[in-house]
1. Report the accessible area of Val54, computed with a 1.4 Å probe over the heavy atoms of all protein chains in place, in Å² rounded to the nearest 10.
2. Any idea how far apart Lys66 and Ala20 come out in nm if each label point goes 7 Å out from Cα toward Cβ?
3. Work out from phi, with θ = phi - 60° and the Karplus expression 6.51 cos²θ - 1.76 cosθ + 1.60, the ³J(HN,Hα) of each residue of the stretch 4-17, listed in order in whole Hz, and give x for Gly and Pro.
4. Near the amide H of Lys22, under 5 Å away, which other amide H atoms are found, from residues 5 or more places off or on another chain, if H is placed in the peptide plane?
5. How would Leu67, Leu30 rank on accessible area, largest to smallest, probe 1.4 Å?
6. Quick one: net charge around Cys9, please, counting Lys, Arg +1 and Asp, Glu -1 for every other residue with C-beta under 9 Å from its C-beta.
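The values are calculated or read from the model by the stated rules, or taken from the named source; none is laboratory data. Keep in mind that this is a model prediction, so the values were computed, not measured. When we count neighbours, we look across all protein chains shown, and the Cβ atoms used for this are built from the backbone with ideal geometry, even at glycine. Keep in mind that these areas ignore ligands, DNA and RNA; they rest on the heavy atoms of the full protein, side chains included. Shrake-Rupley method; radii C 1.70, N 1.55, O 1.52, S 1.80 Å.
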Amino acid sequence: MAEGEVYICPMHRNVREAQAGKCAECGMDLLPEGTRFGMLRHMVKSPLMLIAMVVVMIGVMMFAMKLL
Ligand SMILES: [Zn+2]
């Protein structure tokens, strides 16, 4: 078990619990803090994803230039 892990409600930023459970206000499952940005962080860390994003951006730019 990770020490210092905090569980938060996706809907209520003020709801913070030291262990998994339900939000006292809306009853949603609490998520470990960091889950929301974990995916983004993972994407930024992945070089393949960065290359894919650059390729897509260049493609969109070239497409836009053709239209002009
Ligand atoms: Zn809630």
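1. It works out to around 80 Å².
2. 4.8 nm
3. Those phi angles translate into x, 6, 10, 9, 10, 7, x, 9, 10, 5, 7, 8, 9, 10 Hz.
4. Long-range HN contacts for Lys22: Leu30.
5. Leu67, Leu30
6. 0
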